[in-house]
Amino acid sequence: MHAETVTSTASVLRCTSARPPAWRVLVIDDDPEVHDCIRSAFAGLDLFGRPLELLHCVHGESTRTLLLHAHDLAVVIVDLASQDAAGGLALVDYIRHCAGLRNTRLVMRTEAPHGAPDLDTLLRYDISDYHPKSELTPDRWRSIAAQTLQAYQRQCAFEASRCSMETIVCSSAKLLEETELHAFAAGVITQLAALLGVAGEGLVCVQDTTATPSGSYHVLAATGRFAGLLGLPMDALPESNMLRLLHRALGARRHVLGNRPMPCRTPGVLQPPRCCGDNVFGNDCALALYIGRPDDQDMVVFMDIAGLAVAPDRQLLDFFCVSFSTLLRNRGLLERLQRHAYSDPLVSLPNRARFIEKVDECVQRGSESLMLALVDIDDFSATNELMGHRFGDRLLNAAAQRLAAALPSGVMLARVGPDTFGILGPAHKVRPQQLLDCVRAPLSINDMPHQVSMTCGYVLLSNDGRTGDDLVKDATIALKRAKRDHRGQHLQFAAPMGAEARDRAVLLAELRAAIENADLFLVYQPQVHLDTGDLIGLEALLRWRTADGRLVPPDEFIPVAEHSGLILPLGRWALETACQTLRELQTAGLAPARMAVNVSVVQLRDPGFFDMVCAALSTNELQGQHLELEITESVVVLPTQLLQSTLNALRAHGVTIAIDDFGTGYSSLSYLEQLPLDRIKIDRTFVQQLGAPQGGRVAEMVVQLGRKLGLQVLAEGIEDATAWQTLQAMGCHDGQGYHIAYPMDKAALMRWLAQA
């Protein structure tokens, strides 16, 4: 006996085309007597319909080389008593961990019972059995072979099932990504062919819910020689065994093999293949599977399985069909979810997420000469509040239809905001002015004409690595700038706009931090009666000093606070602090009659604003007449009824109302008669023009207007005695400015009041 592989005469029993392959058994032993005994015992032996093929080795490197390349060994009989350093348990460890023979059954030959491996070794190396040499008679060897081969087949069946189920699970995960039903159907053929190990010739018939009669089936996927049947109704298929199988599977809602139902197989029981010449399934080498549920979308799959050596495992096919039935149902669910996730149901257009995704796709493809435009309906929020949400919805639908009719083919239209539409297409097809002109004619809402205007901001796509989200932000910046400065017109994005927007974003972040760190504070500027010089009130002014001592102008951070909503908590703090300061001044006997506090349009829109004012007064034991709220002319954007009801409630509580910066905002004067007001404040701009020729005409007009309407008039920005005297001569009642006193913090104010 030598170290080279020796094949016994049993090798002639290897399976030919008509017989299954032999069981391969490797004997590794340094004792020639053991090899002879095993060869004699296995001579001419067939087990479970298959012959045995013996391989003989002694310990050595050639044995290890054989183990590395022999992956189909059913049983390895190892001499545990070998004196070779690489033999015994070292070789067993090599078989399991280096050669990777996980399914191969191991039988250990020992010299005596006391040389048997311990329990831990048996479990660690998955050793099937061990026997001393004295017990190994020919009958005993044959019994050992039968037991270990049966264990090997069970192990292989388990491993095959595990791999198959893993394949099904992986296939399910892959097919779950297919949103198109035809791609899903084609994937079913591919995955089933891979699972069975066949060529993959078949077709899938899916129920067509749109067809007449309802419930008919058509071929949605077809491969191989069946490819020419793609798209045909199932009943139009040529009469054949295939059509009969499809009908039987659909009728029984189960799997059908040939002309027989699928046989059940008992796990762990060896079954020889059913051979019929070269075709193991006779003349019916085909399979039909039913996938789905009758109350949901379903499909039937036909697969040619010619050449398959053994019958498909029924339990495995059941698992496949259950998995793919669930997958089919989930695919439909995902399709509906995707439809909801990427479309706007109100106007039946793609939504913002889909629009940005499409822009990203264009950027990744390197598409050039494309335009991204955003179109916004002017004053939509006010219309929505005034006319109701149902009217607003109809308005959006009418605008969407008008835009869609104005756009040529190949241009995408989406709803990307409450009243904003996104347009993406070639620049030569997307003309901003044409988009705005499409609503020049009134829209028909509830059979009534309704005139609207739109504003547009747009950007040209470029290959600078920007994402779809970035480009939409650029167009949004251009749109906001257009609505601010060019309402009803269009504006292209330019880099300086982005820089300004980033500066505002930085300022917003710094403002949030400043509020959290209490870096904002109030200063107070005295207001006096121009005829007597008596102190009549104080105006509380919000200031922000950064960590480096720089004062941020209010006209920079107040708009940011208003736009972000920070003005609500900031305004509440300012009002409460001003009321608290007035109460302290009253306690010290230094308080004027009232404290004036500026109020934003955003605050007036807040439903809780009135209650907040009352709470601030009550907490500081103040009456309504101690407080004056200063509003700007921008309040006219609020619904008149809302504004009037809020201001009337405040005045009924004793609070006075002043219009600040009069003449710098909206030109309409009708609101002066409609709103409950007490005072007009002349803006400092007009006061500073008093020294110029004809410069006092606006200030004088405001004074006269106030007198006609019965309103008090207060001038801001009085910086010298001449301005005081001029305003006094005009009949202006009150004033404030640097000539009277600079804005002061609370400590400086108390000192000023004590000396006045």
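The values are calculated or read from the model by the stated rules, or taken from the named source; none is laboratory data. On a predicted model such as this, the values are computed, not experimentally measured, just so you know. Ideal geometry is used to build each Cβ from the backbone, glycine not excepted, and the neighbour counts take in all protein chains shown.
Condition check ((1) part of a strand (DSSP E or B); (2) among the β-branched types (V, I, T)) across all residues:
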| position | (1), (2) |
| --- | --- |
| S444 | yes, no |
| Y458 | yes, no |
| S462 | no, no |
| L471 | no, no |
| T476 | no, yes |
| A482 | no, no |
| G488 | no, no |
| L491 | yes, no |
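Scanning the range 699-736 for residues that are of a type in the set (V, I, T) and in contact with a strand residue (DSSP E or B) (Cβ under 8 Å, 6 or more places away or on another chain), we see that the one that is farthest from E673 (Cα to Cα) is I718. Filtering the range 102-113 to residues that are assigned to a loop (DSSP other than H, G, I, E, B) and at pLDDT 85 or above leaves only T104. Within the range 416-460, the residues that satisfy the criterion of being closer than 15 Å to A405 by Cβ and among the charged types (D, E, K, R) are K429, R431, D437, R440. Residues of the range 529-538 that are out of contact with any helix residue (DSSP H, G or I) (no Cβ under 9 Å at 6 or more places or on another chain) and either in a strand (DSSP E or B) or at pLDDT below 90 (or both): H529, I536, G537. Restricting L403, L413, L435 to residues that are assigned to a strand (DSSP E or B), among the aliphatic types (A, V, I, L, M) and within 17 Å of L372 (Cβ to Cβ) narrows the list to L413.
Would you mind stating whether I680 is under 30 Å from S618 (Cα atoms), modelled with pLDDT under 95 and in contact with a Gly (Cβ under 8 Å, 6 or more places away or on another chain)? Yes; evaluated as a whole, the condition is true for this residue. Looking only at residues in the range 115-150 that are of a type in the set (S, T, N, Q) and either out of contact with any Leu (no Cβ under 8 Å at 6 or more places or on another chain) or outside the structural domain of V25 (by TED's automatic domain parsing) (or both), the one that is modelled with the lowest pLDDT is S134. Among the residues of the range 56-65, those identified as free of Cβ contacts under 8 Å to residues at least 60 places away in the same chain and either more than 18 Å from L80 (Cα to Cα) or not aliphatic (A, V, I, L, M) (or both) are H56, C57, H59, G60, E61, S62, R64, T65. From the list H97, H2, the one residue that fits, being at pLDDT below 70, surrounded by fewer than 22 Cβ atoms within 10 Å (Cβ to Cβ) and not β-branched (V, I, T), is H2.
Would you please list the contacts, defined by Cβ atoms under 7 Å and residues six or more apart or on different chains, that run from a residue in the range 466-494 that is on the phi > 0 side of the Ramachandran plot to a residue that is hydroxyl-bearing (S, T, Y) and crowded, with 21+ Cβ neighbours inside 10 Å? Between residues of the range 466-494 that are on the phi > 0 side of the Ramachandran plot and residues that are hydroxyl-bearing (S, T, Y) and crowded, with 21+ Cβ neighbours inside 10 Å, the close pairs are G488/T455. I558 - would you say it is in a helix (DSSP H, G or I), of a type in the set (A, V, I, L, M) and within 22 Å of F662 (Cα to Cα)? Answer is yes for this residue. Against the condition assigned by TED's automatic domain parsing to the domain that holds L585 and either farther than 23 Å from W573 by Cβ or surrounded by fewer than 19 Cβ atoms within 10 Å (Cβ to Cβ) (or both), how does L530 come out, does it pass? Criteria met by L530.
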